[in-house]
Structure formats: structure tokens, C-alpha cells
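Let me begin by presenting the structure, written as C-alpha cells, before commenting on it.
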């Protein structure tokens with residue numbers, strides 16, 4: 001747009017051009033300022049010997065939102081509450097007509113398309129470069145904070161006032177909540193998509209691919225009694241192309257808060273938990289949380305927003321915990337040694353009639369002809385396999401005429417070892433090794 005010094009109807013010399021935002025042979029959309037106010041000058045039509053422009057007064061924040069594709073140009077025009085100007089200017093730069101116009105009165109012919117978003121990439125020399133980078137960061141953080149929920153972790157013992165130790169924080173709170181959330185993500189993903197993605201390996205591959213996009217974002221932090229604001233990131237999901245999976249990814253964090261971090265676990269919530277997730281998944285999801293809530297030395301509280309009031313996550317009716325995570329028929333650890341004690345054992349005979357006698361309280365076995373027992377971290381560690389998360393895998397042990405069969409299911413994958421060697425421990429080692437190798441490959 002030409003800038004002749006002065007016009008009787010409208011004086012463009014009072015305006016300073018910041019930058020042409022859209023330029024196609026000529027300026028289409030230009031950012032102007034005047035008296036510390038910001039304007040967009042939009043070329044809407046050309047007739048005979050004149051151009052017609054729409055001049056909008058608006059805030060710089062709105063311009064930045066447009067530049068980062070958060071709002072369309074059409075929406076800016078129609079929702080602008082300031083008075084606009086429709087200006088006709090001839091090709092010599094003279095304003096021949098100027099009228100005040102309100103948003104609702106602007107002709108449809110002068111409006112851009114509904115999808116009038118701008119793919120704008122400023123150069124480092126651009127006026128907008130630093131502003132946009134800062135605006136993106138602040139806008140993103142603010143949008144997360146508006147929808148954040150808050151957890152408060154505090155000691156019940158006032159010996160150290162309301163402060164909490166670093167080890168307690170890392171080992172009891174953060175690690176358990178992180179473990180619970182990750183297990184919930186996988187269980188809920190399989191629940192949601194097992195009917196449409198029938199291959200278990202495909203489900204695993206897709207889940208592992210999108211896992212980095214699913215994490216909750218930390219948006220606030222307070223010291224003393226530890227408080228943390230966590231938000232579901234509904235923005236940075238562009239790498240998830242499948243629409244159904246993307247929608248699930250946007251909502252799953254909220255679902256976790258509602259079902260797992262519930263402050264009272266009412267009947268409807270418990271029923272939904274029991275109907276949705278099998279016992280093994282429930283243990284992986286809820287045992288880490290109950291380790292916190294059932295610890296008498298600490299309290300875990302939650303609130304739905306920064307201005308809400310904290311509520312303690314505490315289950316008064318302990319039968320609810322047993323419904324959600326039934327106790328295994330596992331033997332307790334050995335109590336202190338007495339002068340005499342009865343030790344329950346089981347003996348397995350191999351094909352050479354060699355026997356292997358196993359103390360039940362020291363091993364993964366429980367007494368049964370066709371036995372279902374559990375492989376835990378302790379059993380993996382016996383074979384020098386270290387896992388950085390809690391694990392409990394059902395293991396079926398069946399004795400046949402000439403062999404012992406070990407079978408397990410982990411992560412919806414079946415593992416089986418049939419062993420006829422006279423070294424029975426090798427069978428246990430072999431199936432443990434198979435499962436550990438699978439877990440290791442998942443993490444790569």
C-alpha cells in the first residue's frame with residue numbers, strides 16, 4: 001500500500017508499518033502501529049482503479065496467536081470488538097473513501113475462508129521471531145496450567161516441620177505415581193484398541209511409539225510439603241496420526257486422574273475399575289498408589305485446580321482395596337529363626353529319579369500338583385537379571401511323565417519351556433531368561 005503524506009479523509013502518515021505478514025506480488029496483510037495501538041491492514045478487493053482494505057484495531061497478542069496458527073483470520077475479523085474501517089484507495093495512494101464498520105456488518109465477500117490459518121515461519125531477522133518464541137512458551141504453559149490438577153505429598157510426623165526428604169520423595173511418591181501411570185496407559189490402550197488392532201505385537205509397537213507423547217506435564221511446583229501441578233498435554237499430539245488413537249491420548253490422562261487418583265473410590269468408580277481391567281493390570285496400576293496412601297507416615301492429597309481445596313486420597317473401607325487388588329496366596333517372608341520350626345517343602349522328581357526339594361517360603365513355588373505361582377523381581381535377581389520396576393508374573397508349572405513344563409503369560413505374550421534335564425533349575429532359568437530378553441527388547 002502506498003503511503004502518500006496525507007489525505008483529507010484518512011491520514012496513513014500516522015501509521016508505522018511493522019511488517020508485511022502476507023505478500024503476494026503486493027502486500028495482502030500488513031501489521032501497522034499508531035499511538036501504541038496495533039492494526040492489521042487487509043486487502044479484501046480490487047475494483048477498476050482502486051484497492052479496498054479492511055483496517056482492524058486489535059491487540060498484539062491476537063496477532064501472535066494468528067502467527068502461531070492458534071486462531072484464523074476470519075475469526076479475528078468476526079470477533080473483533082473494536083471499530084473497523086473499510087478504506088478505498090486509488091492506485092496513486094489517495095484514500096477516496098473511508099467508512100466505519102462493525103464486524104457483523106462486513107460483507108461476506110470481504111471475509112477469508114473458514115480455514116484461514118497461516119503457516120508462518122519467521123526468519124531470525126523478523127520483528128516477530130523472538131516475540132513468537134516467547135509467546136509460544138508462555139501461551140503453552142498457561143494453557144497447561146489452566147487445566148492442571150495438583151498433588152500434595154506431606155509427612156504426618158512434624159519432626160521436620162512440613163518438609164519432606166529427597167529420598168522419600170523420589171522413592172515413595174514420584175516413582176510409584178510414575179509406575180502406576182505408565183501401567184495404566186498400557187492397560188487402557190489395550191482395553192481401548194484390542195478389538196480394532198488384533199495383533200498383539202502391533203498393539204505393543206504402536207503403544208511404544210506413542211508413549212513419549214502421553215506423559216503428564218509438570219507445570220507448577222511448591223516446596224515444603226511437596227506440591228506438584230500436573231497437566232494433560234492436549235496440544236503436542238501432532239505426531240499421532242490416527243484420529244482415534246489421538247483422541248484417546250488426549251483423554252487418557254484425565255481418565256487416570258478420575259479412576260486412580262480418586263479421593264474416595266465410591267461404588268461407581270470401583271465397579272468401573274473392576275469391569276475394565278483384569279486383576280493383573282489392577283495390581284500394576286493400583287499397588288503403587290496404595291503404597292503411598294496406606295503408608296501411615298505420609299498423606300497424599302489431590303485438588304482439581306490451583307484454586308480448589310485439597311482432598312486426601314484415603315480409602316477408609318479396606319475391603320475396597322482387597323476388591324481392587326486381591327491378595328495372592330503367597331507365603332510371607334520368614335520370621336526370625338526359632339529353635340524349632342516347620343518348613344513346608346515340595347519335591348519334584350526328574351526322569352532319573354533325582355529329586356529337587358524346594359523350601360516354599362524361599363522360592364517362587366507354592367504347593368500344588370498343577371501349580372500356579374509368581375515370578376517376581378526377587379526371582380529375576382537370582383539369575384542376575386535386574387528390572388527397574390515391580391513385576392509379578394503368573395507361572396504355571398506342570399509335571400508330565402518325562403518332563404516339566406513351565407508356562408507364563410506376560411504383556412499378552414505366551415512363554416513356554418519344556419524341560420527334561422536332570423537339572424531342574426535350568427528350566428526355571430530358561431523361562432526367566434526368555435521373559436527378561438523380551439522385556440529388554442521392549443525398552444530398546
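Would you tally the residues in region 231-283 being touching a strand residue (DSSP E or B) at 6+ places or on another chain (Cβ under 6 Å) and either surrounded by fewer than 13 Cβ atoms within 10 Å (Cβ to Cβ) or touching a residue at least 60 places away in the same chain (Cβ under 8 Å) (or both)? Can you show your working first?
Pass one, region 231-283, residues touching a strand residue (DSSP E or B) at 6+ places or on another chain (Cβ under 6 Å): 231, 233, 257, 261, 263.
Right, trim to either surrounded by fewer than 13 Cβ atoms within 10 Å (Cβ to Cβ) or touching a residue at least 60 places away in the same chain (Cβ under 8 Å) (or both) and you get 231, 233, 257, 261.
Residues that pass the stated criteria total 4.
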Among the residues of region 128-149, is there at least one that is surrounded by 15 or more Cβ atoms within 10 Å (Cβ to Cβ), within 41 Å of the chain's Cα centre (by Cα), more than 22 Å from residue 56 (Cα to Cα) and at pLDDT 90 or above?
-> yes
Taking region 163-178 and keeping residues more than 10 Å from residue 153 (Cα to Cα) and outside any helix (DSSP H, G or I) leaves 165
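If a residue must be in contact (Cβ under 8 Å) with a residue 60 or more places away in the chain and part of a loop (DSSP other than H, G, I, E, B), how many such residues does region 284-307 contain?
Pass one, region 284-307, residues in contact (Cβ under 8 Å) with a residue 60 or more places away in the chain: 284-289, 291-292, 295-306.
From what is left, the residues that are part of a loop (DSSP other than H, G, I, E, B) are 295-297, 304-306.
The total comes to 6.
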For region 8-23, does any single residue satisfy the condition of being under 43 Å from the mean Cα position of the chain (by Cα), surrounded by fewer than 16 Cβ atoms within 10 Å (Cβ to Cβ), at pLDDT below 95 and within 17 Å of residue 110 (Cβ to Cβ)?
-> yes
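Results for (1) in a helix (DSSP H, G or I); (2) under 19 Å from residue 441 (Cβ atoms); (3) modelled with pLDDT of 90 or more, shown as yes or no for each residue.
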{"residue": "184", "(1), (2), (3)": "yes, no, yes"}
{"residue": "188", "(1), (2), (3)": "yes, no, yes"}
{"residue": "191", "(1), (2), (3)": "yes, no, yes"}
{"residue": "197", "(1), (2), (3)": "no, no, yes"}
{"residue": "203", "(1), (2), (3)": "yes, yes, yes"}
{"residue": "219", "(1), (2), (3)": "no, no, no"}
{"residue": "224", "(1), (2), (3)": "no, no, no"}
{"residue": "228", "(1), (2), (3)": "no, no, yes"}
{"residue": "235", "(1), (2), (3)": "no, no, no"}
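Is it the case, given these coordinates, that residue 101 is within 19 Å of residue 131 (Cα to Cα) and either surrounded by 14 or more Cβ atoms within 10 Å (Cβ to Cβ) or free of Cβ contacts under 8 Å to residues at least 60 places away in the same chain (or both)? Spell out how you get there, then give the answer.
On the way: within 19 Å of residue 131 (Cα to Cα): no; either surrounded by 14 or more Cβ atoms within 10 Å (Cβ to Cβ) or free of Cβ contacts under 8 Å to residues at least 60 places away in the same chain (or both): yes.
Spelling it out, it is not the case that residue 101 is within 19 Å of residue 131 (Cα to Cα) and either surrounded by 14 or more Cβ atoms within 10 Å (Cβ to Cβ) or free of Cβ contacts under 8 Å to residues at least 60 places away in the same chain (or both).
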Sort out which residues of region 179-196 are surrounded by 18 or more Cβ atoms within 10 Å (Cβ to Cβ) and either under 12 Å from residue 412 (Cβ atoms) or in contact (Cβ under 8 Å) with a residue 60 or more places away in the chain (or both), and write them in order of number.
-> 179, 180, 181, 183, 184, 185, 186, 187, 188, 189, 190
Which of the residues spanning region 357-407 are exposed (fewer than 15 other Cβ atoms within 10 Å of the Cβ), in contact with a helix residue (DSSP H, G or I) (Cβ under 9 Å, 6 or more places away or on another chain) and modelled with pLDDT under 80?
-> 367, 383
Identity of the residue in region 38-69, assigned to a loop (DSSP other than H, G, I, E, B), surrounded by fewer than 16 Cβ atoms within 10 Å (Cβ to Cβ) and in contact (Cβ under 8 Å) with a residue 12 or more places away in the chain, that ends up nearest to the chain's Cα centre (by Cα) = 69
Answer yes or no: is there a residue in region 175-185 that is in the same structural domain as residue 314 (by TED's automatic domain parsing), within 23 Å of residue 219 (Cβ to Cβ) and touching a strand residue (DSSP E or B) at 6+ places or on another chain (Cβ under 8 Å).
-> yes
Which condition number in (1) in the same structural domain as residue 212 (by TED's automatic domain parsing); (2) part of a helix (DSSP H, G or I) is the one that residue 109 fails?
-> (1)
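The values are calculated or read from the model by the stated rules, or taken from the named source; none is laboratory data. As the structure is a computational prediction, the values presented were derived from the model and not from experiment. Because the Cβ atoms are built from the backbone with ideal geometry, glycine has one as well, and the counts that use them run over all protein chains shown.
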